[in-house]
Amino acid sequence: MRSFVLLVLVVSLVSACAHTQGRARCGELLDSAWRELDIAKAEGFAGTVSYSKAAALLAHAKGQQTLERYPSCIEAADKARFYIAESRKGR
């Protein structure tokens, strides 16, 4: 019984650490992506399809961040950054 309690404690601590890292990564990616999106807009690329996809993905990522679904937030923010780069290429 004592081993089980110790195992649960260790798993909880590892999970909490991963959760904190996910939260930080999600926030960093969102901040970077929003800055990049603003730059793309200032450069005149706001009318591209890729820009629109990126904006939608960032809105989705922000919602996932609010719901504390950090892996989904990170995935959406990464995809958004890809589309931002594509928009800056005029695609």
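The values are calculated or read from the model by the stated rules, or taken from the named source; none is laboratory data. As the structure is a computational prediction, the values presented were derived from the model and not from experiment. Because the Cβ atoms are built from the backbone with ideal geometry, glycine has one as well, and the counts that use them run over all protein chains shown. Surface areas here come from the heavy atoms of the whole protein model, side chains and all, with no ligands, DNA or RNA. Shrake-Rupley method; radii C 1.70, N 1.55, O 1.52, S 1.80 Å.
May I ask you to list the residues in segment 18-51 that are in contact (Cβ under 8 Å) with a residue 12 or more places away in the chain, over 21 Å from K89 (Cα atoms) and open to solvent by 40 Å² or more (accessible area, probe 1.4 Å)?
H19, R23, R25
Of all residues in segment 40-91, which are closer than 15 Å to E28 by Cα and among the polar types (S, T, N, Q)?
Result: Q64, Q65, T66, S72.
Which of the residues spanning segment 62-72 are surrounded by 13 or more Cβ atoms within 10 Å (Cβ to Cβ) and part of a loop (DSSP other than H, G, I, E, B)?
R69
Examine segment 52-61 for a residue that is assigned to a helix (DSSP H, G or I), open to solvent by 20 Å² or more (accessible area, probe 1.4 Å) and more than 20 Å from R91 (Cβ to Cβ), and state whether such a residue exists. Don't jump to the end; show me each part of the working.
Of all residues in segment 52-61, those assigned to a helix (DSSP H, G or I) come to 52-61.
Add one more test, that the residue is open to solvent by 20 Å² or more (accessible area, probe 1.4 Å), and what stays is 52-53, 55-57, 59-60.
From what's left, more than 20 Å from R91 (Cβ to Cβ): 59-60.
Yes: segment 52-61 contains one or more residues that are assigned to a helix (DSSP H, G or I), open to solvent by 20 Å² or more (accessible area, probe 1.4 Å) and more than 20 Å from R91 (Cβ to Cβ).
If R35 satisfies all but one of (1) under 18 Å from the mean Cα position of the chain (by Cα); (2) modelled with pLDDT under 95; (3) charged (D, E, K, R), what's the number of the condition it fails?
Every listed condition holds for R35 apart from (2).
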